[in-house]
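Reading through the structure tokens given below for one structure.
The values are calculated or read from the model by the stated rules, or taken from the named source; none is laboratory data. Since the model is a prediction, treat every value here as computed from it, not as a measurement. Methodologically, a virtual Cβ is constructed for each residue, glycine included, from the backbone with ideal geometry; neighbour enumeration extends over all protein chains shown. Side chains are part of the model used for accessible areas, which takes the heavy atoms of the whole protein and leaves out ligands, DNA and RNA. Shrake-Rupley method; radii C 1.70, N 1.55, O 1.52, S 1.80 Å.
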Amino acid sequence: MPVAVSLDAMLHARRMTLTELSEAVGITLANLSILKTGKAKAIRFTTLEAICRVLDCQPGDLLRVVDEHERGEDGI
């Protein structure tokens, strides 16, 4: 089952841009973009922790497992 990343929705909810998050977390814009688009193969716990700290959220707010029928609807 694939993992969907809800970083875009969380950024919107926090009224923050990807560039602002990149600067606050200390991660390149390119790497955050890969994560945001769901193309990342992995994420370090330290990176996830830093993103969650800046966005004031839990890992489950950013990541979720989607099943096959939901996968087609989301285009993931």
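Here are the numbers for this structure:
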{"item": "In the stretch 44-76, the residues that are at pLDDT below 95, among the β-branched types (V, I, T) and open to solvent by less than 60 Å² (accessible area, probe 1.4 Å)", "result": "V66"}
{"item": "Pair list, Cβ < 7 Å and 6+ apart or interchain, from the stretch 10-26 residues that are among the hydrophobic types (A, V, I, L, M, F, W, C) to residues that are open to solvent by less than 30 Å² (accessible area, probe 1.4 Å) and not in a helix (DSSP H, G or I)", "result": "M10/C57"}
{"item": "All positions within the stretch 1-21 that are open to solvent by less than 90 Å² (accessible area, probe 1.4 Å) and in a loop (DSSP other than H, G, I, E, B)", "result": "P2, S6, M16, T17"}
{"item": "Meets criteria (in a helix (DSSP H, G or I) and either among the basic types (K, R) or farther than 23 Å from V65 by Cα (or both)) for A24", "result": "yes"}
{"item": "Subset of the stretch 28-62 (residues that are in contact with a Leu (Cβ under 8 Å, 6 or more places away or on another chain) and hydrophobic (A, V, I, L, M, F, W, C))", "result": "L29, L32, L35, I43, L48, I51, C52, V54, L55, L62"}
{"item": "Matching residues in the stretch 27-43 - criterion: being open to solvent by 60 Å² or more (accessible area, probe 1.4 Å) and closer than 21 Å to D67 by Cα", "result": "K36, T37, K39, K41, A42"}
